[in-house]
Amino acid sequence: MTRWVVDCPHDWQENKNASPRSSFASALGKSRRSPLADGSVPPAALPITADGITYTMAQETSWIDGQHFAVGRWDGSLSIFAFNESSTAGPVISKAVNTPALEGVQMIIWLAPGLFASSNDDSSVVLWSSPSGTWSDLSETAVLNYSNDLGVANSGDSIVLGSSIVLAVGHANGFVSIWIGSLDGRNWKMSSTVGIRNPHPTNPWGIHNVRGISLVANSASDAVVVAGSEDGFITLLRLPDGQILSQTVYNPDAQRGINSVAAWGSNVLVANCAVGPDDKNLWYYSVNQQDWSVSLMDSTNLRVNPSAPQVFNFCAIWGRSHGQPCFFSSTEEGALWMGTVADRCLNVLGYEIVYGNLGSALAFNINGNLVVVNYNLYEFKADTSQIAEPDLHTERISLARGMSAE
């Protein structure tokens, strides 16, 4: 919400003894009687003083079950929407709350049916639950507190290992915290924190935000996730012990860091900001599950304007269309991009402008539904068949139907 303060200049006052309110009303009355009657150009300013603005762009969106997705915004709001199977109406809001710290929501992670986590402030993560499963009774279940040396939660992913839920959280100061909770969503404790900073950041500001974490592989007892950081590191990390398996600079010539990562088995997408005519803003890597090294397969620059000096790729995710694996990406030119991977190469199908010059948060679920969120919410149907069990991770698409793990 924007608040305005009225400031009436003296030359608006016909009677210097009149109150500012009556003088303002008199001047306003004149403008209503003869707007631009003399053919003059109106001034490009108003007699008011800006007193603040709330920025409501979406930072994050994530599916929390097969029908509902959560949207986190810069204003600290967290809203739950139901996907609307209609060609004429968009998503329907189910619940809206504010995070306890009233800070921008940068992370939303599915944990279990009726349970998810979100960022809160630079020293805590909030757990939310819906006992009914409808999300209309959304309530705060717990707060996971940690040292503010780690920084706010920027990203994360979760996996069930044995009788526990394991949550990996990427933080603003270049750390990953690992949490373990029971299958009923209780008894959470931090098991370890891992520093994954690049000592020579690819960005000129020396920042280390961990912008993406995504599952690569898992067994009954452990799992491996890939993390992507603003300092340029692609890190392979084992859960739950937190051992670093490999670290690689995504592009030795990069001038910016990583904005998001998405893994589909050993296939990893990395999004960044391309600077200059020769840089790329979407990269495709393959993970060797023997030594956990990463190899570059392909890269491309997603930009509508070929002469743009730089193009920010906000988000890259995997999806499915017509039964085949595909990817979606969102760039600062307001474009939603789509493509496929064949023979270890990126095949860009094209783009669609969804909103102005602004990147969007993206999420794809097991029912083939895609949501695109910036200031507005857009929904798309990309695949018509359910492609995983509904009680499993609602964004985790089975490898069995398209892309190999290797």
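Whole-Hz Karplus ³J(HN,Hα) for segment 72-80, in order, using 6.51 cos²θ - 1.76 cosθ + 1.60 and θ = phi - 60°, x for Gly and Pro?
Whole-Hz 3J(HN,Hα) from phi for segment 72-80: x, 10, 5, 7, x, 7, 10, 10, 10.
Would you work out the relative contact order for segment 212-288, in percent, from Cα pairs under 8 angstrom that are 6 or more residues apart?
Relative contact order, segment 212-288: 24 percent.
Which whole-Hz couplings ³J(HN,Hα) result when phi for each residue of segment 61-70 is put into the Karplus expression 6.51 cos²θ - 1.76 cosθ + 1.60, θ = phi - 60°, listed in order with x for Gly and Pro?
Those phi angles translate into 9, 8, 6, 10, 7, x, 10, 10, 10, 9 Hz.
Taking the Cβ of each residue in Cys315, Cys345, Cys326 as the centre, tally the other Cβ atoms inside 10 Å and list the residues starting with the fewest.
Cys345, Cys326, Cys315
Take the alpha-carbon centre of segment 154-214, take the same for segment 217-267, and report the distance between them in whole Å.
Here the answer is 11 Å between Cα centres.
Please work out the ratio of the alpha-carbon Rg of segment 47-165 to 2.2 N^0.38 Å and round it to two decimals.
Dividing the Cα Rg of segment 47-165 by 2.2 N^0.38 Å gives 1.16.
Gly76's amide H: which non-local residues (gap 5+, or another chain) put their own amide H closer than 5 Å, with H modeled 1.01 Å from N in plane and none for Pro or chain starts?
Gly104, Val105
Reachable aspartates and glutamates from Lys280, Cα under 17 Å, same-chain residues fewer than 8 places away excluded?
Straight-distance partners of Lys280: Glu230, Asp231, Asp253, Asp298, Glu332, Glu333.
Can you work out the Karplus-derived ³J(HN,Hα) for every residue in segment 369-375? Use 6.51 cos²θ - 1.76 cosθ + 1.60 with θ = phi - 60°, whole Hz, and x for glycine or proline.
With the stated coefficients, segment 369-375 comes to 9, 10, 10, 10, 10, 10, 7 Hz.
Can you list the residues of segment 175-206 with backbone N under 18 Å from a point 7 Å past the Cα of Asp149, pointing along Cα to Cβ?
Only 175-179, 190-199 pass the distance filter.
With a cut-off of 8 Å between alpha carbons and a minimum separation of six or more residues, what is the relative contact order of segment 259-406 in percent?
Normalised by residue count, the contact order of segment 259-406 is 19 percent.
What relative contact order, as a whole-number percentage, does segment 99-215 give when Cα pairs under 8 Å and 6 or more residues apart are counted?
It rounds to 19 percent for segment 99-215.
So which aspartates and glutamates can Lys189 reach, going by Cα to Cα under 15 Å and dropping same-chain residues fewer than 8 places off?
Hits, sequence-local ones excluded: Asp241.
With charges only on Cβ, +1 for K and R and -1 for D and E, what is the dipole size of segment 137-284 about its Cα centre, in debye, rounded to 20?
In total the dipole reaches around 140 debye.
Considering the Cα positions of segment 259-406, please state its Rg to one decimal place and its Dmax as a whole number of Å.
Reported Rg and Dmax, both Å: 15.0, 46.
Each reported figure results from applying straightforward, stated rules to the coordinates on display, with no laboratory input. Since this is a predicted model, take the numbers as computed values, not measurements. Cβ coordinates were reconstructed from backbone atoms using ideal geometry, including for glycine residues, and neighbour counts include every protein chain displayed.
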